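In what follows, a structure is listed as structure tokens, so that the remarks can point back to it.
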Amino acid sequence: MSVLPSTSARTLQGPDERVLASDIRALRRARGLTLAEIALKLGRSVGWVSQVERGLSTPSVGDLRAFAELFGVPISLFFSHDVPVESERGVVVRAGRRRTLGTSESGLVEELLSPDLGGSFEMVRSIFAPGAEMKAAQLRPTEEAGYIASGIFEIEIEGVWHRLGEGDSFRFEGKPYRWRNPGTEPAVVIWVVSPPVY
């Protein structure tokens, strides 16, 4: 899990609360949880969780850590970058303002290309380090697709390995998968997931 800067260095305020509220609601729905279930797991009231999802209450850093642990996402996901032009909020993500997830030590760094998690899908730019791999297959209730922007990328879908290169793409739904980068250069994959899981 990512290390979070101190609250004095990084705070949520103003319009960012709308992004946070939308992301928390989308994550709860993607996991099929009710407000009551979230409240029980966090030791909070249903009313408080509802207010957070509507942008009426701002959770503390401790609360955000609890949300991140509950949803299985890095806490850095909840800290968006400022959008300098209000008309672009929720519509445009500039290259230098993407939310970054993961670390180079993990072998996978991802940048959220979608403005938030409130839509029916999310788009992520995934950078797989040479030799990085997902050792155990994962199964999610999602439809997923990817486009290899650069490098060599191998993905196993339902027990069958596929070796892909620049310009190749893939899609699968509700099947176990895992991946690896067998190359000597980073592999960059544009990944689309529906519904959003980050």
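Quick rundown of the values:
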quantity: Residue among S50, S114 that alone is farther than 22 Å from E173 by Cβ and among the hydroxyl-bearing types (S, T, Y); calculated: S50
quantity: Pairs with Cβ under 8 Å, 6+ apart, first in the range 57-71 and among the aromatic types (F, W, Y), second surrounded by fewer than 16 Cβ atoms within 10 Å (Cβ to Cβ); calculated: F71/R31
quantity: Hits in the range 16-40 (condition: more than 19 Å from V197 (Cα to Cα) and loosely packed, with under 15 Cβ neighbours inside 10 Å); calculated: A36, L40
quantity: Segments classed as strands (runs of 3 or more DSSP E), wholly inside the range 96-198, with at least 2 members that are at pLDDT below 95 and of a type in the set (S, T, N, Q); calculated: 99-103
quantity: Exclusive hit being within 15 Å of the chain's Cα centre (by Cα), crowded, with 19+ Cβ neighbours inside 10 Å and free of Cβ contacts under 8 Å to residues at least 60 places away in the same chain, set E122, E144; calculated: E144
quantity: Filter result for E166 (among the charged types (D, E, K, R) and either surrounded by fewer than 15 Cβ atoms within 10 Å (Cβ to Cβ) or over 21 Å from the mean Cα position of the chain (by Cα) (or both)); calculated: yes
quantity: Lone unmet requirement of (1) at pLDDT 80 or above; (2) assigned by TED's automatic domain parsing to the domain that holds P186; (3) surrounded by fewer than 16 Cβ atoms within 10 Å (Cβ to Cβ) for R65; calculated: (2)
quantity: Extreme residue, nearest to the chain's Cα centre (by Cα), among residues of the range 79-95 that are modelled with pLDDT of 75 or more and in a helix (DSSP H, G or I); calculated: A95
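The values are calculated or read from the model by the stated rules, or taken from the named source; none is laboratory data. Being a predicted model, the structure only gives us computed values, none of them experimental. So basically every Cβ, Gly included, is an ideal-geometry build from the backbone, and we count neighbours across all protein chains shown.
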